[in-house]
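Trainee: Can you read through this structure? Questions will come right after.
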Amino acid sequence: MTPDSLRAALRGVPHPDWLDAALRRVAAEPAAIDGFFPAAGRRCGRAPLAGAPGWSADEAARALLLTALRTDHAIHAESRYRQGDAAEKRAVLKALPLLPIGAAGTPLLHDAIRTNDTRLLAAALGPYARHLDPAAWRQAVLKCVFTGVPLAVVQDLDARADGELAAMLAGLAAERRAAGRAMPADAIDLLTRLRANQEA
């Protein structure tokens, strides 16, 4: 997803003129994002965007507000995340791969993964999760299995999954069998693929 594709997907949402004006204002006066960011849900709506699968209108608008900044993207992203509600936090997490911040947003991923909000966990495992080190990434994947977040949300799952993750999943599967509880089907499928790769 790119800013241009989000912009195209937002055509036709309520108050498009508000969004255009907000983007111009934030580009000229960065502090203005503090007021526009929370207002995006009310002004642009929260409906899913047909042209941007997995994004809602408010998330896309907030991501564009962050990309409209000229400088200090990481500082503003952290501020909006720390001060925001759950919807604003998700928007920041989804916006991180669009910002010129390198790995500076990684602490926000760690915070999202620690929470009990499965929607934040899912958002944290998008494209920007490439900045998570292998150990943190494996723990996040395991938390998805624990909390019922579909593994389909994990970016580059098959490319990053390794023998250590297989061992962790196998241990969890054994614990669940002993407790008479089932593993999610997608976790079983992943473990089967990893075992097949190890045997190949």
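Values in this text are rule-based calculations from the coordinates and carry no lab data. All of these numbers come straight from a predicted model, not from anything done at the bench. Here Cβ is always computed from backbone atoms with ideal geometry, including for glycine, and neighbour counts include all displayed protein chains.
Trainee: Assuming 0.36 nm per residue, please report the length gained on full extension of the stretch residue 111 to residue 158 beyond their Cα-Cα distance.
Mentor: Gain on extension, residue 111 to residue 158, equals 14.5 nm.
Trainee: Net charge around residue 166, counting only other residues with Cβ within less than 14 Å of its Cβ (Lys, Arg = +1; Asp, Glu = -1)?
Mentor: Once positives and negatives cancel, what remains is -1.
Trainee: On to the next question. When only DSSP loop residues count, what trypsin sites (Lys or Arg not before Pro) in segment 98-200 have their Cβ near at most 11 other Cβ atoms within 10 Å?
Mentor: Those satisfying the criteria are 181.
Trainee: Relative to the longest principal axis of the C-alpha atoms of the chain, give the angle of the C-alpha long axis of helix 163-178, reported between 0 and 90° and rounded to the nearest 10°.
Mentor: 70
Trainee: Now for a different question. For residue 139 and residue 34, compute 0.36 nm times the residue count separating them, minus their Cα-Cα distance, and round to one decimal in nm.
Mentor: Contour length minus Cα-Cα distance gives 34.5 nm.
Trainee: Sticking with this one: If you wrap a convex hull around the C-alpha atoms of segment 88-138 and split its volume per residue, what is the figure in Å³?
Mentor: 68
Trainee: Right, another one. Any chance you could list the semi-axes, whole Å, largest first, of the equivalent ellipsoid that the Cα gyration tensor gives for segment 1-58, using √(5λ)?
Mentor: That gives 20, 12, 10 Å for the three semi-axes.
Trainee: Okay, next question. (1) 57, 30, 30; (2) 63, 47, 25; (3) 61, 47, 28: which one is Cα extents along the principal axes in Å as calculated from this entry?
Mentor: Entry (1).
Trainee: So if I place +1 on the C-beta of Lys and Arg and -1 on the C-beta of Asp and Glu, and nothing else carries charge, what would the dipole magnitude of the chain be about its Cα centre? I want it in debye, nearest 20.
Mentor: That gives a dipole near 340 debye.
Trainee: A further question on this structure: Among the trypsin sites (Lys or Arg not before Pro) within segment 1-96, which fall in a DSSP loop and have no more than 11 other Cβ atoms within 10 Å of their own Cβ?
Mentor: Passing both the DSSP loop test and the Cβ count: 11, 70.
Trainee: Expressed as a rounded percentage, what relative contact order does segment 5-64 have, with Cα pairs under 8 Å and six or more residues apart?
Mentor: Normalised by residue count, the contact order of segment 5-64 is 44 percent.
Trainee: Apply the a/c threshold of 1.5 to the C-alpha gyration tensor of segment 143-200 and tell me whether it is rounded, prolate or oblate.
Mentor: In terms of gyration-tensor shape, oblate.
Trainee: Using only alpha carbon pairs under 8 Å that are at least six residues apart, calculate the relative contact order of segment 1-135 and give it in whole percent.
Mentor: In percent, rounded to a whole number, it is 21.
Trainee: Mean separation of Cα pairs under 8 Å and 6+ residues apart, divided by the residue count of segment 93-200: what relative contact order is that in percent?
Mentor: Reported as a whole number, the value is 21 percent.
Trainee: Relative to the longest principal axis of the C-alpha atoms of the chain, give the angle of the C-alpha long axis of helix 57-68, reported between 0 and 90° and rounded to the nearest 10°.
Mentor: Result, in degrees: 70.
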